[in-house]
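A short write-up of the structure that comes next.
The values are calculated or read from the model by the stated rules, or taken from the named source; none is laboratory data. Keep in mind that what you see is a predicted model, and the values were worked out from it rather than measured. For neighbour counting, all protein chains shown are included, and Cβ atoms are generated from backbone atoms with ideal geometry for every residue, glycine included.
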Amino acid sequence: SKITSLFPDNFLWGAASAAYQVEGAYNIDGKGPSIWDIFSHQPGTTHEGTNGDVAADHYHRFKEDVALMAELGMQSYRFSISWPRLFPEGRGKVNAAGVKFYSDLIDELLRHGIKPMITLYHWDLPQALQDIGGWESRETVDAFEQYARLCYQEFGNRVELWSTFNETLIFIGMGYFTGAHPPGLHDPKRGIQACHHVFIAHARAVKTFREYKNTGQIPANGQIGFVNVMQPHDSITNSSEDVAACQMADDLLTHWLYDPVLKGEYPAHILNLAQLTWDVPEFAPEDEALLKDNICDFIGVNYYKREWVAANPDVDNTKINTTGNKGSGQEFGIKGLFKFVHNPQSTYTDWDWEIYPEGLCVGMMRLKERYGDIPFYITENGLGAKDPIIDGEVIDQPRIDYLASHIDAAELAIKQGIDVRGYYPWSFIDLLSWLNGYQKQYGFVYVDRENDLQRKRKKSFFWYKDVIASNGSKR
Ligand code: BG6
């Protein structure tokens, strides 16, 4: 523990969540089905068939939850809006009860002095839009703009911080390459085109956001960003093959997904590769200018782990599920390009994610080198683990150690001149870990699933409370 910290006075200490993972109420008050409602109800898709039907029931208990956030001292709360709760069909008719829920949640946060940070898309696409092709269809792009517009109109006067999408790497990568997320495909060609439409939807939502700002419907301090996985890659050896493979992993998994929102264009050689191999992405006439003219205000980085990379002349194991398998030891790779490998020198979580706090600083340094001096928010960071319960108390010391060492790295980044504006641990409360069910816990608040979803403060809750109160000096 230290006496002073380098965190600026206006630094935002927060925590994060996502609609499908906390809300529950999946078919209540007019909400339409999302692709995750449909997907998770299909046998064999998730750990023991778990789903978000009830989740933490935050939909019904948000007042209690916001009171706990206030007790924790949270200065900001990152949450996502469920698109099918506002538009049950994805577009067209608005569900007033859905609008009311988020409006009430925002008011409740503001009443407690907590700044909302809204994510428009955290993977729960309305099923009705998937039925017309999902992100492969330009109609979904139009619908997204309509949805963003409604959110700006309804919530824009009260919310300063917005981001459009959460983690293209995961919902496109797992949706169209490994197939472990909906729509469950193994089709790079379709995935690259879908991903392109996501960038166009993003650019259009940024453009609309700025129009609302110009007319004063969104206050001048409103900011809009994009949230990406930040996954630093390091070569497992110094051999030229491994180093080249590592560069390829960086280009495909990082630059491909950051360049369009921070530079307004794809990395040229990767674009060539995709166009030669799969004849995609296909551009509409306005796409190029849309990307160029709508660079976002900040970047949100979700940091959990680094990946070690090696050359991969032979293994084709893109179809494995890299998130859901606890300790499976399976390795992901794209034949001819690269693969991820286990490093016996490294420390891993029970889910085989490397614990590498310095990577939080290293990752942002590398991004700054490529994109210049952009504002950063650390929009996710956390330890997924089965927490020990000792005499009825949740003693999640490993989570405290994990977060403390990452806060050290965030402070180091600030010391190196990186403009870091906020830290949002994943997550405020125990929630659904997509494919892993409820056994992979992340929260400061425990949800007793055997006991009417009762909330209980974990050891980390009291620890983080002190971190916030001391602006990061006590940790
Ligand atoms: C990020 C997501 O990928 O990581 C979160 O934005 C997710 O929604 C988190 O829960 C942790 O991943 P997982 O698979 O352990 O839940």
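Residues 175, 134, 113, 191: which one is free of Cβ contacts under 8 Å to residues at least 60 places away in the same chain, away from the ligand (no atom under 16 Å from the Cβ) and under 24 Å from residue 282 (Cβ atoms)?
None of the other options fit; the residue is 191.
So, of the residues in the stretch 349-366 that are in a loop (DSSP other than H, G, I, E, B) and not β-branched (Val, Ile, Thr), which turns out to be surrounded by the most Cβ atoms within 10 Å (Cβ to Cβ)? Break it down into steps so the answer makes sense when it comes.
Of the stretch 349-366, the ones in a loop (DSSP other than H, G, I, E, B) are 349-353, 355-357.
Next, from what is left, pick out any that are not β-branched (Val, Ile, Thr): 350-353, 356-357.
On the way: 350: 14, 351: 21, 352: 16, 353: 17, 356: 24, 357: 20.
Once the filter is applied, the top-ranked residue is 356.
So, restricting to strands (runs of 3 or more DSSP E) that lie completely within the stretch 262-348, which ones have at least 2 residues that are at pLDDT 90 or above and within 30 Å of residue 209 (Cβ to Cβ)?
Values: elements: 298-302, 307-310, 338-341.
Here the list reads 298-302.
Among residues belonging to the stretch 445-473 that are touching a helix residue (DSSP H, G or I) at 6+ places or on another chain (Cβ under 7 Å) and not in a helix (DSSP H, G or I), point out the one that is farthest from the ligand (Cβ to nearest atom).
So the residue we want is 472.
Which residues, taken from the stretch 392-402, are at pLDDT 95 or above, outside any strand (DSSP E or B) and either of a type in the set (Val, Ile, Thr) or more than 21 Å from the chain's Cα centre (by Cα) (or both)?
Quick first cut of the stretch 392-402, residues at pLDDT 95 or above only: 393-402.
Those left that are additionally outside any strand (DSSP E or B): 395-402.
Those that are at pLDDT 95 or above, outside any strand (DSSP E or B) and either of a type in the set (Val, Ile, Thr) or more than 21 Å from the chain's Cα centre (by Cα) (or both): 395, 396, 397, 398, 400, 401.
Looking at the stretch 367-387, which of the residues that are among the acidic types (Asp, Glu) and in a loop (DSSP other than H, G, I, E, B) is farthest from the ligand (Cβ to nearest atom)? Quick ask: steps written out before the conclusion?
Of all residues in the stretch 367-387, those among the acidic types (Asp, Glu) come to 369, 373, 380, 387.
Restricting the remaining residues to those that are in a loop (DSSP other than H, G, I, E, B) gives 373, 387.
On the way: 373: 25, 387: 14 Å.
Looking at residues that are among the acidic types (Asp, Glu) and in a loop (DSSP other than H, G, I, E, B), I get 373.
List the number of the failed condition for residue 406; all other conditions in (1) modelled with pLDDT of 95 or more; (2) more than 17 Å from residue 230 (Cβ to Cβ) hold.
Residue 406 satisfies all of (1) modelled with pLDDT of 95 or more; (2) more than 17 Å from residue 230 (Cβ to Cβ) except (2).
What about residue 79, is it in a strand (DSSP E or B), within 16 Å of the ligand (Cβ to nearest atom) and closer than 25 Å to residue 130 by Cβ?
Details: in a strand (DSSP E or B): yes; within 16 Å of the ligand (Cβ to nearest atom): yes; closer than 25 Å to residue 130 by Cβ: yes.
Taking the combined requirement at face value, the residue satisfies it.
Quick test of your reading of the structure: residue 197 fulfils all but one of (1) within 30 Å of residue 155 (Cα to Cα); (2) in contact with an Asp or Glu (Cβ under 9 Å, 6 or more places away or on another chain); (3) surrounded by fewer than 21 Cβ atoms within 10 Å (Cβ to Cβ); (4) not small (Gly, Ala, Ser). Name the failing condition by number.
Condition not satisfied by residue 197: (3).
Please enumerate the residues belonging to the stretch 430-444 that are within 17 Å of residue 402 (Cβ to Cβ) and more than 8 Å from the ligand (Cβ to nearest atom).
Selection gives 430, 441, 443, 444.
If you go through the stretch 215-246 one residue at a time, how many are within 16 Å of the ligand (Cβ to nearest atom) and not polar (S, T, N, Q)? Give the derivation first.
First, pick out the residues of the stretch 215-246 that are within 16 Å of the ligand (Cβ to nearest atom): 225-232.
Filter once more, keeping what is not polar (S, T, N, Q): 225-227, 229-230, 232.
Residues in the stretch 215-246 being within 16 Å of the ligand (Cβ to nearest atom) and not polar (S, T, N, Q): 6 in total.
So, in the stretch 155-168, how many residues would count as being closer than 21 Å to residue 303 by Cα and either surrounded by fewer than 20 Cβ atoms within 10 Å (Cβ to Cβ) or more than 15 Å from the ligand (Cβ to nearest atom) (or both)?
Summing the residues that are closer than 21 Å to residue 303 by Cα and either surrounded by fewer than 20 Cβ atoms within 10 Å (Cβ to Cβ) or more than 15 Å from the ligand (Cβ to nearest atom) (or both) in the stretch 155-168 gives 2.
State the number of residues belonging to the stretch 1-49 that are within 20 Å of residue 426 (Cα to Cα), in a loop (DSSP other than H, G, I, E, B) and within 14 Å of the ligand (Cβ to nearest atom).
3
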